[in-house]
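**Student:** Provided herewith is a single structure, encoded as C-alpha cells, for subsequent inquiry.
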Amino acid sequence: MSTVTTPASEAVRPPVRSARAWAAASPTSPLAPATIDRREPLDDDVVIDILYCGVCHSDLHQVRNEWNNSMYPIVPGHEIVGRVSRVGSRVTKFREGDMAAVGCMVDSCGHCAPCGAGLEQYCTSGPTFTYSSPDPILGGPTFGGYSESITVKESFVLKVPGSLDPAATAPLLCAGITTYSPLRHWKVGPGQRVGIVGLGGLGHMGVKFARAFGAHVVLFTTSPDKVQDGLRLGAHEVVVSRDAEAMKAQAASFDFILDAVAADHDINAYLQLLRLDGTLVLVGAPEHPLPVNAFSLLLPRRNFAGSGIGGIKETQEMLDFCAGHGIVSDIELIRMERINEAYERMLRGDVRYRFVIDMASLRA
Ligand code: NAP
Ligand code: ZN
C-alpha cells in the first residue's frame, strides 16, 4: 500500500483525515490501494461516506493519460453516491444520514457568465473537476470516488431521491447528465427521429432518456449481441453499424444523433444519416481526432456539435426526472479489487451497461 502526499503549504492547509482509496501512480500503472488526505469539513462542506461509485470510460482515458492532462497519483471516480457523515456549520441543505451524490465537478469560480447561468461545467476559469484537477484547498490533485469518503462544498452536492436504488443511481451523475443535457438542449421530443451511437454507459442512458422524451429512437451498435438489449432498454430500432446495407437504409433520415463512442470510428458515416438541418452531438471523447469530410456537412446543411456533462441545477433536475419516471442505470456491481479487470472489459465493449463499485469492499 502506498501513501499519497499532497504538496500544499502546511500553513494554509486545513486539517485532514486519511482515507482508503485506489490510485494509479502513472499512465502505465494499474490501480492499486493507496491512502489519501481528505479535508475536515470547512463551514460550507459536506462529508460523504461513499457507498457506490460508477466506472466511467473517462476514468480509463484519464488513468492512462489519453487526454494528455492527467495529474498523478490519480484516484478516479465521478459517479458518487453515499451517506452524509458530517456537515460544516453553514450547511443548510444536508444533514448527517442523508443520501447524497457528487458528479464530475466539486467547484467553479461562481461568478463568470456560464456559472451565473448554472453551466458550471463551462466555467471560463475551468471548473474544479472531482479528480485529477488542481485542488485549490489542499494543493496537489483532487481525488475522486474510488475511495471511502469525500469532502465537497454543499453547492456541488446533489440530493438523491429516496425512491431511487442508490447503486443504480451512481451512473446518473455522469452517464445520466451527459446524455440528458444535450437531449434537453436540442429539444429532442415527439415527432423526431433520434439516433444513439454506442451502447455503453452513456449510450444506454441516452436510449432511455430519448425514449422517455417521446422521440423515435434508433440505436447504432457495433455489437450484434446487444440488439435485444437495445430494444429492451427502449430503442424502437437497432442498427448494427458494421452492416453497410443497414446503414445505407438510414441515410438522411435523422433530426438528431448523439454519439457516445469512446474509440476511433468513422464520424462521416453518422453525419450522412442527418437530414437537412439535423444535428450530430458528440459526447464521446476518444483519444484521437475524428476526421470530418466537408461534404458530410455541406450538402444538405448539417450541424456537428459537442456537449460536456451538465450543470448542477440540471443534474438535480435529471435526478428528479429519473425518480418521476423510474429511470436508473443497468449496472454490474463489482468489488474494488476487480477494477483493473473491469477496465479491460470496458475496452472490449463488454459492459452491461455500467460497472459500479460497491465501496463496502474497500472498507471490509
Ligand atoms: P463505454 O461504456 O465504454 O461505452 C462506449 C461504447 O462505444 C461501447 O460500449 C461500444 O458500444 C462503443 N464502441 C467502443 N469501441 C468502439 C469502436 N471502436 N467503434 C465503434 N463503437 C465502439 O464508455 P462510456 O463511459 O459510455 O463513455 C463513452 C465516451 O464518452 C468516452 O469517450 C467518455 O470519455 C466520454 N464521456 C464524455 C463526457 C462528456 O462530458 N462529453 C462525459 C462522460 C463520458 P457498442 O458495443 O454498442 O458499439
Ligand atoms: Zn464520466
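The values are calculated or read from the model by the stated rules, or taken from the named source; none is laboratory data. As the structure is a prediction and not an experimental result, all values here were calculated from the model. Positions of Cβ are generated from backbone atoms using ideal geometry, with glycine treated the same way; all protein chains shown enter the neighbour counts. Note: accessible area is taken over every heavy atom of the protein model, side chains too, but ligands, DNA and RNA are not part of it. Shrake-Rupley method; radii C 1.70, N 1.55, O 1.52, S 1.80 Å.
**Student:** Residues in the stretch 320-340 near a label at residue 228, defined as backbone nitrogen under 19 Å from the 7 Å Cα→Cβ point?
**Tutor:** The answer is 330-332, whose backbone nitrogens lie closer than 19 Å to the label point.
**Student:** Sticking with this one: Determine the dipole magnitude for the chain: charges of +1 sit on the beta-carbon of Lys and Arg, -1 on that of Asp and Glu, nothing else is charged, the reference point is the Cα centre, and the result goes in debye to the nearest 20.
**Tutor:** Values: 33 positive and 39 negative charges, 90 e Å.
Dipole magnitude for the chain comes out near 440 debye.
**Student:** When a/c reaches 1.5 or more, the comparison of a/b and b/c decides; with that in mind, is the stretch 94-238 rounded, prolate or oblate per its Cα gyration tensor? Show your work: numbers first, answer last.
**Tutor:** Values: a/c = 2.13, a/b = 1.76, b/c = 1.21.
It is prolate, given that a/c is not under 1.5 and a/b is the larger ratio.
**Student:** Here is a follow-up. Could you tell me the ratio Rg/Rh of the stretch 268-364? Both radii from Cα atoms, Rh via Kirkwood. Don't skip to the answer; put the middle values down first.
**Tutor:** Numbers: Rg = 18.8 Å, Rh = 17.2 Å.
A ratio of 1.10.
**Student:** In the stretch 95-183, what GluC sites (Glu not before Pro) fall in a loop by DSSP, with at most 16 other Cβ atoms inside 10 Å?
**Tutor:** Those that pass, being in a loop and sparsely packed, are 96.
**Student:** So what is the relative contact order for the chain, in percent, with contacts set as C-alpha pairs under 8 Å and at least six apart?
**Tutor:** Working: 862 pairs, mean separation 62.3, N = 364.
Once divided by the residue count of the chain, the mean separation gives 17 percent.
**Student:** Follow-up. What distance in nm separates the simple spin-label points at residue 16 and residue 303, each placed 7 Å from Cα in the Cβ direction?
**Tutor:** For residue 16 paired with residue 303, the spin-label model returns 4.5 nm.
**Student:** Taking amide hydrogens as modeled 1.01 Å from N in the peptide plane, which residues meet the under 5 Å criterion relative to residue 254, leaving out close sequence neighbours?
**Tutor:** 274, 275
**Student:** If I compute solvent accessible area with a 1.4 Å probe over the protein chains, what percent of it on the stretch 179-306 is carbon and sulfur? Write out the running numbers ahead of the final one.
**Tutor:** Working: 3040 of 5510 Å².
Of all accessible area on the stretch 179-306, carbon and sulfur atoms account for 55 percent.
**Student:** What residue among 191, 31, 104 has its Cα farthest toward the positive end of the dipole of the chain, where the charges are +1 on Lys, Arg and -1 on Asp, Glu, each on the Cβ?
**Tutor:** 191
**Student:** A follow-up question, please. Between residue 83 and residue 263, what is the FRET efficiency for a Förster distance of 25 Å, r being their Cβ-Cβ separation, to the nearest 0.05?
**Tutor:** Values: r = 36 Å, r/R0 = 1.44.
The computed FRET efficiency comes out at 0.10.
**Student:** Among the DSSP beta bridges whose two residues both lie in the chain, what percent are antiparallel, rounded to the nearest 5? Walk me through the numbers on the way to the answer.
**Tutor:** Details: 35 of 64 bridges.
The answer is about 55 percent antiparallel.
**Student:** Using a Gaussian network model of the chain with C-alpha springs under 10 Å, which one of 72, 52, 180 is most mobile by mean-square fluctuation?
**Tutor:** Of the options given, 72 has the highest mean-square fluctuation.
**Student:** Now for a separate question. Please give the net charge around residue 181, taking every other residue with its beta carbon less than 10 angstrom from that of residue 181, where Lys and Arg add +1 and Asp and Glu add -1. Show your work: numbers first, answer last.
**Tutor:** Working: positive: 184; negative: 314, 317.
Result for the neighbourhood of residue 181: -1.
**Student:** Over 26 Å between Cα atoms: which of 153/313; 93/313; 226/248; 153/187; 159/226; 159/208 fall into that group? Working shown, then result.
**Tutor:** Numbers: 153/313 15 Å; 93/313 14 Å; 226/248 20 Å; 153/187 31 Å; 159/226 33 Å; 159/208 21 Å.
From 153/313; 93/313; 226/248; 153/187; 159/226; 159/208, over 26 Å: 153/187; 159/226.
**Student:** From the helices alone, meaning DSSP H stretches of at least four residues, give me the mean residue ellipticity at 222 nm for the chain, per-run term -39500 (n - 2.57), in deg cm²/dmol to the nearest 500. If you can, show how the numbers build up before the last one.
**Tutor:** Numbers: 12 runs with 87 residues, N = 364.
The per-residue figure over the chain is -6000 deg cm²/dmol.
**Student:** Quick one: work out Rg over Rh on the C-alpha atoms of the chain, Rh as Kirkwood radius. It would help to have the intermediate numbers written out before the result.
**Tutor:** Numbers: Rg = 20.3 Å, Rh = 20.8 Å.
The Rg/Rh ratio comes out at 0.97.
**Student:** Taking a probe of 1.4 Å, how large is the accessible area per residue of the stretch 292-338, in Å²? Before the final figure, lay out the partial values.
**Tutor:** On the way: 2520 Å² over 47 residues.
Heavy-atom SASA per residue in the stretch 292-338 reads 54 Å².
**Student:** Turning to a different aspect of this structure: Looking only at 113, 294, 25, which one moves most when the chain is put into a Gaussian network model with springs between Cα atoms under 10 Å?
**Tutor:** Per the Cα network of the chain with a 10 Å cutoff, 294 tops the list.
**Student:** Given a cut-off of under 8 Å on Cα pairs at least six residues apart, what relative contact order in percent is computed for the stretch 208-363? Walk me through the numbers on the way to the answer.
**Tutor:** Numbers: 201 pairs, mean separation 21.7, N = 156.
Across the stretch 208-363, relative contact order equals 14 percent.
**Student:** Could you identify which residue out of 123, 109, 53 has the top mean-square fluctuation in a GNM of the chain using Cα springs shorter than 10 Å?
**Tutor:** Evaluated over the chain, the most mobile residue of the options is 109.
**Student:** While we're here: Among the DSSP beta bridges whose two residues both lie in the stretch 94-251, what percent are antiparallel, rounded to the nearest 5? Could the numbers behind the result be given before it?
**Tutor:** On the way: 5 of 14 bridges.
The answer is about 35 percent antiparallel.
**Student:** With a/c under 1.5 counting as rounded, go ahead and sort the stretch 179-306 into rounded, prolate or oblate using the C-alpha gyration tensor (a ≥ b ≥ c being the square roots of the eigenvalues; past the cut-off, prolate if a/b is larger than b/c, else oblate).
**Tutor:** Values: a/c = 1.33, a/b = 1.17, b/c = 1.14.
Since a/c stays below 1.5, the shape of the stretch 179-306 is classed as rounded.
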